[in-house]
Each structure stands twice: as structure tokens, then as C-alpha cells.
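Here is the structure we will look at.
The values are calculated or read from the model by the stated rules, or taken from the named source; none is laboratory data. Note that this is a predicted model, so its numbers are computed, not measured. As a convention, Cβ positions derive from the backbone with ideal geometry for all residues, glycine included, and neighbour counts pool all protein chains shown.
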Amino acid sequence: MIAGIAVSLGPASWHGIGIAQSLEGLGLGALLFGILAFMGGMGMGDVKLCAAIGAWVGPKQLIMALVMTGVVGGIMAICWAAAGGFLGELFTGSSNLLFGWGKRGMHVDPELTLSNPKARKMPYAPAIAIGALMSFFAR
């Protein structure tokens, strides 16, 4: 029994490609979604979920998962805003968040952060999960 464990936990599994890819995926997911969290447009739970998915699938598939996540999240946000009657507000806020750096510099717009009680908030974890699942079928 101990010999079987020693074989399964040998040097190839500890220093092999699998662990390196998991660490790269974890770091990439945490970095990319961490930037969005720093900008105030995402919570730390979303960052941790993306980092965990990156550790699970590795950096190459994480890129596909993030593309799918963006598409799914965009569709969800547009449907949510259209149903709520604030589609114009969604596009104004999104453009200000992405392209307003020239006016405000590196400061985060206080109106567009999650800490603003008046800001509209949409849970993004479903989009992350659906995007990760879709990435399995996109191969």
C-alpha cells in the first residue's frame, strides 16, 4: 500500500506539467479578475472563483473560459438591463468604466463601484460558471 502511494506521488506528479499549469491558471485568473476588482467592477468572490477555475483547467483553457464568460456575462447584463428598463444607463456606465481613465486618471469612479449602495449590481458568478462549462465544449 505504501509503495502504491509512493508511485502515485512520485517526482513526476509533484514537478510535472500538471501542477505548473494549475499554478499558472490560478495566477492568470487571479490577475485578470483582480484588475477588474481593483477597478471596482467585480467582487473578490468572483476573483477567487476565476482563480479556482484557472487552477482546475489551466491557463490555455482559462483564456477560452474567460472569452465565453465575457459573452455570457454581456448577454446576461443586457437582458437584465432591458428587463429593468435601464439599458441606456448600462451602456453609459460601462463606457465610463472602460474609457473614462483619461478624465479621472487612475482613480476609481465612486459611482461605478460595488461599494456604492445606489449602483446596480448583477451577480457574475453564474456567467463565470457557464463560461467555464462552455469552454469544455469549445475545444
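For the structure I just gave you, tell me whether GLY70 is loosely packed, with under 15 Cβ neighbours inside 10 Å, of a type in the set (Gly, Ala, Ser), at pLDDT 85 or above and on the phi < 0 side of the Ramachandran plot.
Considered against the rule, which asks whether it is loosely packed, with under 15 Cβ neighbours inside 10 Å, of a type in the set (Gly, Ala, Ser), at pLDDT 85 or above and on the phi < 0 side of the Ramachandran plot, GLY70 comes out as yes.
Mind listing just one residue for me: the one in the stretch 23-62 that is β-branched (Val, Ile, Thr) and crowded, with 16+ Cβ neighbours inside 10 Å and, of those, farthest from the chain's Cα centre (by Cα)?
VAL57
Which pairs have Cβ atoms under 7 Å, sit 6 or more apart or on different chains, and link a residue in the stretch 76-104 that is under 19 Å from TYR124 (Cβ atoms) to one that is assigned to a helix (DSSP H, G or I) and among the basic types (Lys, Arg)?
That search, which allows pairs on different chains as well, returns nothing.
Out of (1) in a helix (DSSP H, G or I); (2) under 19 Å from GLY131 (Cβ atoms); (3) at pLDDT below 90, what's the single condition that is false for CYS50?
All conditions pass for CYS50, except number (3).
Given the criteria under 14 Å from ALA132 (Cα atoms), in contact with a Pro (Cβ under 7 Å, 6 or more places away or on another chain) and not acidic (Asp, Glu), does GLY25 qualify?
yes
What pairs come up if the first residue lies in the stretch 122-137 and is closer than 17 Å to LEU90 by Cβ, the second is modelled with pLDDT under 95 and assigned to a loop (DSSP other than H, G, I, E, B), and their beta carbons are under 7 Å apart, counting only those six or more places apart or on different chains?
Pairs found: TYR124/MET42.
Search the stretch 36-63 for residues that are without any contact (Cβ under 8 Å) to a residue 24 or more places away in the chain and pair each with any residue that is among the β-branched types (Val, Ile, Thr) and buried (at least 20 other Cβ atoms within 10 Å of the Cβ) when their beta-carbon atoms are under 9 Å apart and the residues are at least 6 apart or on different chains.
Within 9 Å, the pairs are LEU36/VAL47; ALA37/VAL47.
Give the stretch 1-47 a look and list any residue that's polar (S, T, N, Q) and modelled with pLDDT of 85 or more, or say none. Give the derivation first.
Within the stretch 1-47, the subset polar (S, T, N, Q) is 8, 13, 21-22.
Once the filter is applied, which keeps residues that are polar (S, T, N, Q) and modelled with pLDDT of 85 or more, the stretch 1-47 yields GLN21, SER22.
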